[in-house]
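First comes the structure, then the notes that go with it.
What follows draws every value from the coordinates through simple rules; no lab data is involved. Predicted model only: the values in this text are computed from it and were never measured. Every residue, glycine among them, receives a Cβ derived from its backbone with ideal geometry; neighbour counts consider all protein chains shown.
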Amino acid sequence: MAPGLLGLCARRLLAAAATRGRLAAPVRWESSSARAVIAPPAAAGKREPEPTVRWQEDPEPEDENLYEKNPDSHGYDKNPVLDVWNMRVVFFFGVSIVLVFGTTFMAYMPDYRMHEWARREAERLIKYREANGLPIMESNCFDPSKIRLPDED
Amino acid sequence: MLKTILPTIMLIPLAWLSKNNMLWINSTMYSLAISITCLPLMNLSCDNSLNMSLLFFSDSLSTPLLLLTVWLLPLMIMASQHHLSKEPDSQKKLYITMMVLLQTFLIMTFSATELIMFYILFEATLVPTLIMITRWGGQTERLNAGIYFLFYTLAGSLPLLVALVYTQASVGSLNLLLIQYWNHPSIQVWGSSALWLAYMMAFMVKMPLYGLHLWLPKAHVEAPIAGSMVLAAILLKLGGYGMLRITVMLNPITNFMTYPFLMLSLWGMIMTSSICLRQTDLKSLIAYSSVSHMALVIMAIMIQSPWSFMGATALMIAHGLTSSMLFCLANSNYERTHSRTMILARGLQMILPLMAAWWLLASLMNLALPPSINLIGELFVTTAMFSWSNLSIILLGINIIITALYSLYMLITTQRGKYTYHIHNIKPSFTRENTLMMLHLTPLLLLMVKPQIILGTLY
């Protein structure tokens, strides 16, 4: 019965502690039958001490969170003015100039490596050769009568 | 070319003489302006090269790579702004100087006419990259990574120097436009195989070929974001570009010398793709995926057919943009959680939905979704490889499937699922990060409508 009463008292005290954040009982109670002691904590009224164990997942103190001082940070610099200018410079020169002008340049390059010319020339030659009865292609790249070989040594 | 090279060199005084608060604005602004000066090179009115001077030329192989290089510098500057924000101003200026120096060397490398100049600048690009990795990398492993990176590349390219000097002595000129017409002796001796190896090993290490790829995961993972971006996007392509130029003059020996490298690449692309499926480190996954894609490029260059050369060039440009974008995305995770472990920050779609959109698009590009230029490259290479040997389609098909698998694995692990309780404090995406992704993705999407410009000299 005494342990049961102890449990009840402890539970009531702990419930009070849970709702109010610290042990409400100002007195110390010692059990006559068991060795239980309910006492107000020595640190009542003081704040809980800082955790001395640093967990790995806590942000490292050296890591500076750029968003803390400047919630609109773009990630370039602590100084908000430089940060915004850096962002603008990157977007203007990177996107507006290089990507846009570069893409336009590449898209409108005239006849890259003469492919279109090659196609037109091939079609023209085929038309000519078919009209004149010549074979469309010959296996000789150059005219063999024009090649002068050295004498057999 | 001077209209690009001189302004790029002048970015160094710009960085050092800028007011400290205008440093990033100035460098980003002027590097974006420089990137548009390279664009007129694209106006190739005929199908041979544009020879601007004795030193510099540009043709449809080097021009897309040049454009990629100049486009990447402002992106690197934007990506580095956050992790350098705590450093003293002189360190920031030094970092920008390293990036600009690297940029200058790369521009000159891609437009070099003379092969010795190409070689000197090829080696010179190692130095700023090494400084960036070893000084500004995140972990202690960066020193080892720097050593692997430097010595692998140096060991591969020292024979190249010997071979180039020998060719200069025997042929008389190393001008790229002239050596295409070099008449080879019809007798092949052991020396010609050794010469072929001396020429190619530098580029094989740079690409990297599967057996020589150990420097890549280390260097990519330990490098700071700008270092990873430039390594993945451009420095790897230096190897491909060099191979595409040199194989023109190596012709009859190439027929039998390429077999070991083809076998290594065919096997290596599957191996590295499979390793990707078992990676816990996000940057390491992207690094191994780079090896896998570059193995495709190596194979394409080895089999020397018109379609495969077109595929190789397309794949280089596409992979440059995609891989750089993936590294930027991984960096956005790293800046928040300070860890590269993939599962540490998962379920991000709920928390950062716009970043999830970029992740989705980057992963879809990486797995070569039609109609992206990644697919064009892979498809051309696969078709050319099939015509070279019917059996290779099995391995290539397996690789395409595993590429899709690990790209989706990376996407699902970081974005989908229930988020972990401990990432409640990550900051929302910055405009800077979204702009960075958009600037990577827009060229990729725009190139879908005009892929002729990245298909190289044989289209």
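Before moving on, here are some points about what is shown:
- FRET efficiency for the residue A:107 to residue A:81 pair, using the beta carbon distance and R₀ = 45 Å, is estimated at 0.75.
- At R0 = 45 Å, FRET efficiency that the Cβ-Cβ distance of residue B:144 and residue B:177 yields, to 0.05: 0.60
- Taking only alpha carbon atoms, the protein assembly as shown gives an Rg to Rh ratio of 1.12, where Rh is the Kirkwood radius.
- Paramagnetic reach from residue B:280 in region B:317-336 [backbone N under 18 Å; point 7 Å along Cα→Cβ]: B:334
- Footprinting exposure proxy ranking of A:130, B:433, fewest other C-beta atoms within 10 angstrom first, gives A:130, B:433.
- Neighbour-count order for B:291, A:89, fewest beta carbons within 10 angstrom listed first: A:89, B:291
- Counting only DSSP H runs of at least 4 residues, each contributing -39500 (n - 2.57), and dividing by the residue count of chain B, the helix-based mean residue ellipticity at 222 nm comes to -23000 deg cm²/dmol.
- Other residues whose C-beta falls under 11 angstrom from the C-beta of residue B:350 contribute a net charge of +3, scoring Lys and Arg +1 and Asp and Glu -1.
- Under 14 Å of direct C-alpha separation, and excluding same-chain neighbours fewer than eight residues apart, residue A:69 reaches these aspartates and glutamates: A:77, A:83.
- Spatially proximal aspartates and glutamates relative to residue A:146 (Cα-Cα < 16 Å; intrachain offsets below 8 disregarded): A:138
- Over all other residues within a Cβ to Cβ distance under 14 Å of residue B:208, the charged ones net out to +3, with Lys and Arg as +1 and Asp and Glu as -1.
- Out-of-range pairs (alpha-carbon distance over 32 Å; input B:206/B:450; B:86/B:283; B:19/B:206; B:93/B:427): B:19/B:206
- With 0.36 nm allotted per residue and the present C-alpha distance subtracted, the residue B:387-residue B:450 stretch has 20.1 nm of extension available.
- For chain B, the longest principal axis of the Cα atoms and the long axis of helix B:259-277 meet at an angle of about 10 degrees.
- Counts of other chain beta carbons within 10 angstrom of each beta carbon in peptide A:102-114 average 6.
- Sorted by Cβ neighbour density within 10 Å, fewest at the top, the residues B:77, B:9, B:179, B:376: B:9, B:179, B:376, B:77
- Dimensionless Rg/Rh of region B:1-449 - Kirkwood Rh, Rg from C-alpha atoms: 0.96
- Local electrostatic count, residue B:217, Cβ distance below 14 Å [Lys/Arg +1, Asp/Glu -1]: +2
- Test item: B:73-81 mean partner chain Cβ contacts at 10 Å: 2
- In order along region B:46-57, the phi-based Karplus estimate (6.51 cos²θ - 1.76 cosθ + 1.60, θ = phi - 60°) of 3J(HN,Hα) comes to 9, 8, 10, 8, 9, 9, 8, 7, 5, 9, 10, 8 Hz; Gly and Pro are listed as x.
- Shielding of B:437-443 by partner chains, average beta-carbon count, 10 Å: 3
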